[in-house]
Amino acid sequence: MASSIQDFHDDPRNDHIRIWINGALKPRAEATVSVFDSGFVLGDGVWEGLRVVQGHPCFLAAHLDRLYEGAKAIAMEIGLSRAELTDALYATLAANGMFDGVHIRLMVSRGVKRTPYQDPRVTVGPATVVILPEFKTPKPETVQAGLKLFTVHVRRGFPDVQDPKLNSHSKLNCITACIQATEAGADEALMLDPHGFVATCNSTHFFIVRKGEVWTSSGDYCLGGITRANVIQVCREAGIPVHEKNFSLSQVYGADEAFCTGTFAGVVPVSGVDGRAFDGALPGPMVQRLRALYQQQVQRDVAAQEALRNGVRT
């Protein structure tokens, strides 16, 4: 049975979480936004997913860079400084007694509208900011067994239609891709760019391994993934040849290994694409090596944030 990389085992503690909405911590059952909210009416907003390790949201600076850049690109004021938003994230974790094994969905919409119409000028209030933390880790069995991918007809489009660099609430392109992959019995959709080259997956980034080299797409038609960038960085630091380039499905089918990256699950092997399985046991040797290097990078970031927070408090 197919399963999403975002799947997790239910944790009863999530029934009692408190969710930060515009400065107020609300019990889960009371954490609501208006039906006139821009995010609900139009998908007008930006968001980030954050994984918490040892009390710290991993790679927070990079995530906030992307969030604020996205908000600026759509002419939306978040209404909080980076420092204020950072404090709100830590306050939410503290209020929920959360330290590890946590995933945060940080969402910002343009705010409440006086009528359900797309023009931003009919927005009547400040941005809606939501911090939704959950006790959530990827299923170990999915991470071990790997993902089955299916190449869908839904393409990653040109930036003048909807820029794939924007991490917007408007995810219908990815959702339709996900539906097609699910109906085909796969775990995740592999999406091509308008020229027929491999671009990305519907919720993760895609890599292949060929003769000791790591390949990923040019990046022109995919979100600027934080984990994607981190894996590229650790490859370069370790002397592993890594290339951002155009490549075809034929080159995917002939690869030695494949894997996906994402904030939630990190580095996850791919067991096959379009019914074509990769040889060897999972995870393969390159995936094992990159997982270890990535975990070291996570620990360095956690240590740096710990030092920064201690410095702020003193």
In the chain the DSSP beta bridges are antiparallel at a rate, in percent to nearest 5, of 85 percent
Dimensionless Rg/Rh of the range 40-192, both radii on Cα and Rh by Kirkwood, sits at 1.00
Its Cα gyration tensor gives the range 1-116 an equivalent ellipsoid whose semi-axes in whole Å, largest first, are 24, 18, 16
FRET efficiency for ARG236 and ASP11 from the Cβ-Cβ distance with R0 = 35 Å, rounded to 0.05, comes out at 0.45
Note, the range 45-59: 3J(HN,Hα) by Karplus (6.51, -1.76, 1.60, θ = phi - 60°), whole Hz, Gly/Pro = x, goes x, 10, 8, 9, x, 10, 9, 9, 10, 6, x, 10, x, 5, 6
Cross-link reach from LYS245 to lysines, straight Cα distance under 18 Å and at least 8 residues apart if same chain, gives LYS165, LYS211
antiparallel share of DSSP beta bridges within the range 141-299, to nearest 5, in %, is 65 percent
Listing HIS195, HIS169 by rising number of other beta-carbon atoms within 10 angstrom, fewest first, gives HIS195, HIS169
Under the 7 Å Cα-to-Cβ spin-label approximation, VAL122 and GLU141 lie apart by a distance in nanometres of 4.8 nm
Exposure proxy check on TYR221, TYR253, TYR294: fewest-to-most Cβ neighbours within 10 Å is TYR253, TYR294, TYR221
Here, GLN295 and GLU30, labelled 7 Å along Cα→Cβ, have an inter-label distance in nm of 4.1 nm
Ordered by number, the GluC sites (Glu not before Pro) in the range 221-314 that occupy a DSSP loop and have at most 15 other Cβ atoms within 10 Å are none
Applied in sequence order to the range 139-151, the curve 6.51 cos²θ - 1.76 cosθ + 1.60 (Karplus, θ = phi - 60°) yields integer Hz couplings, x standing for Gly and Pro, of 4, x, 5, 6, 4, 6, 6, x, 9, 9, 10, 9, 7
Across all Cα atoms of the range 178-265, Rg and the largest Cα-Cα distance (Dmax), in Å, are 12.7, 40
Diffing the range 28-37: the Karplus 3J(HN,Hα) column from phi (6.51, -1.76, 1.60, θ = phi - 60°), in whole Hz with x for Gly and Pro, holds 3, 5, 9, 7, 10, 10, 5, 5, 8, 5
FRET efficiency for ALA281 and ARG309 from the Cβ-Cβ distance with R0 = 41 Å, rounded to 0.05, comes out at 0.50
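Where a number appears in this text, it was derived from the coordinates with a stated rule and is not lab data. Computed from a prediction, not measured in an experiment: that's the story for all the values here. FYI the Cβ positions are ideal-geometry reconstructions off the backbone, even for glycines, and counts take in every protein chain you see.
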